[in-house]
Amino acid sequence: MDKKVLLIVLLLIVIAVLVLVNRRPKVKVDNTPQEPQNEIEVEVAKEHETIKIKVNNQELDLELEKNSAVEAFMEKLKEKDVVVDAHDYHNFEKVGSLGFSLPRDDKNLTTQPGDIVLYQGNQVCIFYNSNTYDYTKLGRVKNVNLKEIFGDGDVTLIFTYVNNDETLYD
């Protein structure tokens, strides 16, 4: 009888161990070689990249959003400046065609003076008053009265890619 009890106890222990082993989460191992990436270097490099707008002989600094539209726009600007003939629209923005499309991530936004947005994927709008509509936000002009700079009527906006990294090593 003692042998039967001992055999049952051993059998129960083996069953318990098997149940516990099968309860552990499965870990999927990916042995695909990965390109090493230094995220710190990538972020530092992007901190020094920006876009400037020249309008009526004034250069405007931008605070850029982090999205695919801005990244695609910067890639275009690395090739050459983008010139946009912008016209006044309903006394709250200047709007003009980019001549190409950018990725869209439209959200319903209430813009503020200084906001720069992508409209319908191929037009850029710079607000000097507010409006609510579906846009992809590109950025914001820093500390400037746009209505004074724009004046009345049409304006030419020259978008330029700037890499300030070069000035760090002079």
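The values are calculated or read from the model by the stated rules, or taken from the named source; none is laboratory data. Here the structure is a predicted model, which means the values were calculated and not measured. Here the Cβ positions follow ideal geometry from the backbone for every residue, glycine too, while neighbour counts run over all protein chains shown. Heads up: the accessible areas ignore ligands, DNA and RNA and are worked out on the full protein's heavy atoms, side chains in. Shrake-Rupley method; radii C 1.70, N 1.55, O 1.52, S 1.80 Å.
Just to verify a number: FRET efficiency for residue 75 and residue 152, C-beta to C-beta distance, R0 = 41 Å, to 0.05?
Working from the Cβ atoms, E equals 0.75.
Can you work out ³J(HN,Hα) from phi for every residue in segment 145-160, in order, using Karplus 6.51 cos²θ - 1.76 cosθ + 1.60 and θ = phi - 60°, giving whole Hz and x for Gly and Pro?
8, 5, 4, 5, 5, 5, x, 9, x, 6, 9, 9, 9, 10, 8, 10
Would you check segment 79-170 for Lys pairs whose C-alpha atoms are within less than 20 Å, ignoring same-chain pairs closer than 8 in sequence, and give me the count?
Lysine pair count for segment 79-170: 6.
Remind me, what semi-axes does segment 51-113 give for its equivalent ellipsoid, largest first in whole Å, using sqrt of 5 times each Cα gyration tensor eigenvalue?
Largest first, segment 51-113 gives 19, 17, 13 Å.
On the accessible surface of segment 79-170, probed at 1.4 Å, how many percent belong to carbon and sulfur atoms?
C and S fraction of accessible area: 43 percent.
Sorted from largest to smallest, which semi-axis lengths in Å does the alpha carbon gyration tensor of segment 75-170 give for its equivalent ellipsoid, taking the root of 5 times each eigenvalue?
Taking √(5λ) for each eigenvalue gives 23, 17, 14 Å, largest first.
Ignoring ligands, DNA and RNA, what accessible area per residue does segment 54-152 give at 1.4 Å, in Å²?
Dividing the accessible area of segment 54-152 by its residue count gives 55 Å².
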